[in-house]
Amino acid sequence: MIKQIKSIQIKKFIENNPETVLLDVRTDDEWNTFGKPDTKDLGIKSFFITISQDPSFIDNVKKKINKKNRVLVICAVGGRSFIAANLLANEGYDALNVSDGYNGNGQDPGWKNLGLPSIIDN
C-alpha cells in the first residue's frame with residue numbers, strides 16, 4: 001500500500017526525513033500554467049518528470065533519483081502521482097503520494113493553496 005501524505009504535512013516530514021526529494025509528474029503545460037513547487041527553501045531537491053503517456057518514465061526517474069532517497073510524488077490533485085508512486089514502489093523506491101496534489105483535491109488545499117514555495121516560468 002502506497003503511503004499518503006497531505007501537503008500540510010510536508011514541511012514536518014522533510015524536517016524528519018532530510019534525504020527526501022520531490023518528484024512532480026505533471027506535464028509541461030501544467031508546470032507553465034500553474035507553476036512548480038520550489039523546494040530549495042525546504043532544503044530538498046525537486047525533479048520534474050512527466051508520467052503522462054511516457055513509456056520511459058521509470059527509466060527517466062532511475063537516471064536522476066537514487067533509491068536511497070524517499071520520494072514525495074506530486075501531480076495536480078493526487079491521481080497521477082498515486083500511479084507514479086506505485087510504479088516507483090514496484091522498482092524499489094520508498095515513494096509517498098502527495099494526496100492533495102499541487103492544486104488541491106476538493107477536500108485538502110494542496111501545495112499551491114497552502115502557500116508552499118512555488119515558481120512560475122513565463
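Could you please find all residues in the stretch 20-33 being free of Cβ contacts under 8 Å to residues at least 40 places away in the same chain, under 14 Å from THR50 (Cα atoms) and either in contact with a Gly (Cβ under 7 Å, 6 or more places away or on another chain) or part of a helix (DSSP H, G or I) (or both)? Give the steps one after another, and end with the answer.
First, pick out the residues of the stretch 20-33 that are free of Cβ contacts under 8 Å to residues at least 40 places away in the same chain: 27-29, 33.
From what is left, the residues that are under 14 Å from THR50 (Cα atoms) are 27-29.
Across the stretch 20-33, the qualifying residues are ASP28, ASP29.
When the stretch 65-112 is examined, which residues are found to be polar (S, T, N, Q), assigned to a helix (DSSP H, G or I) and more than 15 Å from TRP31 (Cα to Cα)? First the steps, then the outcome.
Kept after step one, since they are polar (S, T, N, Q), are these residues of the stretch 65-112: 66, 69, 81, 86, 90, 97, 99, 103, 105, 107.
Among the residues that remain, those that are also assigned to a helix (DSSP H, G or I) are: 81, 86, 90.
Correct list: ASN86, ASN90.
Looking at the stretch 39-64 only, could you name the residues that are aliphatic (A, V, I, L, M) and either closer than 16 Å to PRO117 by Cα or part of a loop (DSSP other than H, G, I, E, B) (or both)?
Matches in the stretch 39-64: LEU42, ILE44, ILE49, ILE51.
Conditions tested, residue by residue: (1) touching an Asp or Glu at 6+ places or on another chain (Cβ under 6 Å); (2) under 18 Å from SER99 (Cβ atoms); (3) surrounded by 14 or more Cβ atoms within 10 Å (Cβ to Cβ); (4) touching a residue at least 12 places away in the same chain (Cβ under 8 Å).
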| site | (1), (2), (3), (4) |
| --- | --- |
| ILE8 | no, yes, yes, yes |
| ILE14 | no, yes, yes, yes |
| PRO18 | no, no, no, yes |
| GLY35 | no, no, yes, yes |
| ASP38 | no, no, yes, yes |
| PHE57 | no, no, yes, yes |
| LYS63 | no, no, no, no |
| CYS75 | no, yes, yes, yes |
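Criterion first (within 10 Å of the chain's Cα centre (by Cα), surrounded by 13 or more Cβ atoms within 10 Å (Cβ to Cβ), within 21 Å of ASP100 (Cα to Cα) and among the hydroxyl-bearing types (Ser, Thr, Tyr)) does SER46 satisfy it?
yes
Tally the residues that are surrounded by 15 or more Cβ atoms within 10 Å (Cβ to Cβ) and β-branched (Val, Ile, Thr), restricting the search to the stretch 92-122.
1
Every read-out reported here was derived from the displayed coordinates using simple, explicitly stated rules and does not represent laboratory data. Since the structure is predicted, the reported quantities are computational estimates derived from the model, not experimental observations. Here Cβ is always computed from backbone atoms with ideal geometry, including for glycine, and neighbour counts include all displayed protein chains.
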